[in-house]
Structure formats: structure tokens, C-alpha cells
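Notes follow once the structure below has been shown.
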Amino acid sequence: MAFIDELKIHMKAGDGGDGVVRWLQEKGKDRMGPAGGNGGNGGGIYARAIRDLGVLAKYRNKREFKAEDGQDGMEKNMYGKNAPDLVIDFPLGSLITNLSDGTVHELLQDGETTLILKGGRGGLGNEHFKASTNRSPRQFTEGKIGEAADFFVELRLLVDAGIIGLPNAGKSSLLNVLTNADAKVGSYAFTTLEPNLGDFFGFILADIPGLIEGASKGKGLGDKFLRHIKRTKILLHCISLENEDLQGAYKIIRKELEDYDKDLAEKKEIIILTKTDVVDAKHLGKTIKEMKKLNPLVLSVSVYDDVSIKKFGDELVKIFRSV
């Protein structure tokens, strides 16, 4: 099932049931008094946060959601039934924007529910209007219309660390060895077309599709995935030692972050030099020293070396716990 992180849907809360005009009836006696009950309330619509990133894909062919209407009032002063509320599941981290009034609902806690649209109140039956001066009221009111609106749903991942870098920087390979994830790995650009997640000692890591120069303005895969790292606590900036200009590669991504969102560019960042097997130890040491001029927090790792992975993982855990 394809990963979907934005969607436009229409939602309609239930209408209230109508109040009715009814009369008490006994054998041989007609219209002894008003007995029309009130209508039931229409169902409201609630959004609920769940830990399922794929749930939006289930709505790809279902773009309209409607809660049930309240039941009309009945005879013998019986109220109509209230309609049940409709609860719609959305991925944790979703922003749900009401396109009619601009209201934004943000789901940040697992299991959190929030009212999106109010159902209409039930109408009043003629029994409600009974008074000493109005013993045979014929008045009643119709149920109120439930709220309705179009909504834009946008998913922004809630993760501890976002793995970023140019295409083929080794992001997916790193995620796989650290978390036993099964992210697709390839020797061509843009192998990753959607974020992949993994659990690293209780810290959630996200492999963000490769960025290129101009991504913040829509080039390549565009800025679609930059928003997924806006809520991360720390950025893991992978730079492959296959690059001839490491500092240039670093600055390309940094510029895209700054152009997209200044706050994003100010997040804590670790430079991770990947594919260290292509250089010797002397060259690696010199490279680390040079890169620390850009960012003092520099680590190196080879996904093909268990010792390197173990050392790297221990350092990463220490840093995560300090953030």
C-alpha cells in the first residue's frame, strides 16, 4: 500500500432530529394534550490519533465521512435517540486543517481525540411549548443542521532523529543496521521514496528521502519530505566519503534546511561520515578533523563493520540521552 502523507477529505456531522407534534390519545377522548417529543442530537465527528502511518492510504478511495442523524421525536413525549459520534483515525502527528475557517487540529499524543465537527441539536416537540396560556400548542422546531467542511490532512512524523543527506549517502543502510528495519537500498538516486522508521533502543529514527539542491523550492522530490523532520529532536546528517567535496555536500543540505525553515536549521545535528571502507584510517582521521570545523559533532561508521557499528551505536545512545 502506497504511503500517503497528505489528503483532502469532506466531513459532515449528523443533523439533529426534528421535534414533532403529537397528542395524547385515550379511547373516546381525542387530543387530551400535547405529547410530541424532542428530536435526538446528530452525531459529532472526532479525530483520533493512532500509531499507524498507513491509515491515510485507507481513505484514498473514501474522501467523504458523515455521522448519523439524530432520530425524530416520537409520540407519548418520547425523545428521539441521539446519534453516535463518528470517530475517524488519523496517524499520530497529523495536522487537520478546516478549509472553511482555518482551524487546525494537531494530534500529538497516542490515543488523543479532538472534536472536529459538532452535530446538530435535536428540535423541540410540541410538548415543550405547553403552558397555562397555550394548552394545545402546535409549535415544534426542526433539528439543527450538523457542521460540515472540507479538511486538508497533513502528516508530520513524530520521531527522535531524522536521517538526512544527499541521495545515496547511506541513510537507508544505516537505518537498517541500527534498527533491523527493512528499508529499500539501491545504488541509484532516490531509492527511498517515502520515510522509513526504525526503533533504536527506544529512540525512533526516520530515514528521509534524499534531498538535492533546490529541494526547498520543489526540485527533485521537492520539499514534501522536509516537513517530516520539523518535529525531530536531532538531525543525523549523512555524508558519503565517496563525495569528492564533502564540505560542499554538507553545505547543500544545510542551505536547503535554512531556506525551508530557519527553526529546522537550528536543530542539533550530528555529521555522520558513511562508507568509511573507501578510505584508509589516516585519510578518515584527517577528514573528521576538517569536518569538525563545520560542526564539532562528527561520527564515522561503516555498515559492513560490526565493531564500527557497535562503537557508533554506543556514541549515538549517549548523545540521544543528552538531548
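The values are calculated or read from the model by the stated rules, or taken from the named source; none is laboratory data. On a predicted model such as this, the values are computed, not experimentally measured, just so you know. Because the Cβ atoms are built from the backbone with ideal geometry, glycine has one as well, and the counts that use them run over all protein chains shown. Just so you know, the surface numbers come from the protein's heavy atoms only, side chains and all, with ligands and any DNA or RNA stripped out. Shrake-Rupley method; radii C 1.70, N 1.55, O 1.52, S 1.80 Å.
Does the range 81-96 include one or more residues that are more than 22 Å from Glu6 (Cβ to Cβ) and of a type in the set (Gly, Ala, Ser)? Yes, the range 81-96 contains a residue that is more than 22 Å from Glu6 (Cβ to Cβ) and of a type in the set (Gly, Ala, Ser). Among the residues making up the range 283-312, those that are surrounded by 15 or more Cβ atoms within 10 Å (Cβ to Cβ) and not hydrophobic (A, V, I, L, M, F, W, C) are Thr287, Ser300, Ser302, Ser308. Taken together, the residues in the range 1-42 that are farther than 30 Å from Ile96 by Cβ and modelled with pLDDT of 90 or more amount to 11. The set of residues from the range 35-65 being closer than 30 Å to Arg138 by Cβ, touching a strand residue (DSSP E or B) at 6+ places or on another chain (Cβ under 9 Å) and either open to solvent by 10 Å² or more (accessible area, probe 1.4 Å) or of a type in the set (A, V, I, L, M) (or both) comprises just one member, Ala35. Contact annotation: residue pairs with Cβ atoms under 6 Å, 6 or more positions apart or on different chains, pairing a residue in the range 305-323 that is closer than 24 Å to Asp280 by Cβ with a partner that is assigned to a helix (DSSP H, G or I), are Ile309/Val177.
Which of the residues belonging to the range 66-107 are at pLDDT 95 or above, assigned to a loop (DSSP other than H, G, I, E, B), of a type outside the set (A, V, I, L, M) and farther than 30 Å from Arg231 by Cα? Residues satisfying the conditions are Glu68, Asp69, Gly70, Gln71, Asp72, Gly73, Tyr79, Gly80, Lys81, Asn82, Pro84, Asp85. Screening Asp280, Asp263, Asp245 for residues that are modelled with pLDDT of 85 or more, exposed (fewer than 15 other Cβ atoms within 10 Å of the Cβ) and under 15 Å from Ala169 (Cα atoms) leaves exactly one candidate, Asp245. The numbered conditions (1) out of contact with any His (no Cβ under 9 Å at 6 or more places or on another chain); (2) closer than 30 Å to Arg227 by Cβ are all true for Gly16 except (2). Residues of the range 268-305 that are in contact with a Leu (Cβ under 6 Å, 6 or more places away or on another chain) and assigned to a helix (DSSP H, G or I): Thr276, Val278.
Residues in the range 84-102 that are of a type in the set (A, V, I, L, M) and within 13 Å of Lys12 (Cα to Cα) were compared, and the one that is least open to solvent (accessible area, probe 1.4 Å) is Ile88. Here is the figure for the range 132-153: residues that are without any contact (Cβ under 8 Å) to a residue 24 or more places away in the chain and in a strand (DSSP E or B) total 1. For Leu108, state whether it is open to solvent by 50 Å² or more (accessible area, probe 1.4 Å), hydrophobic (A, V, I, L, M, F, W, C) and under 14 Å from Ile45 (Cβ atoms). No.
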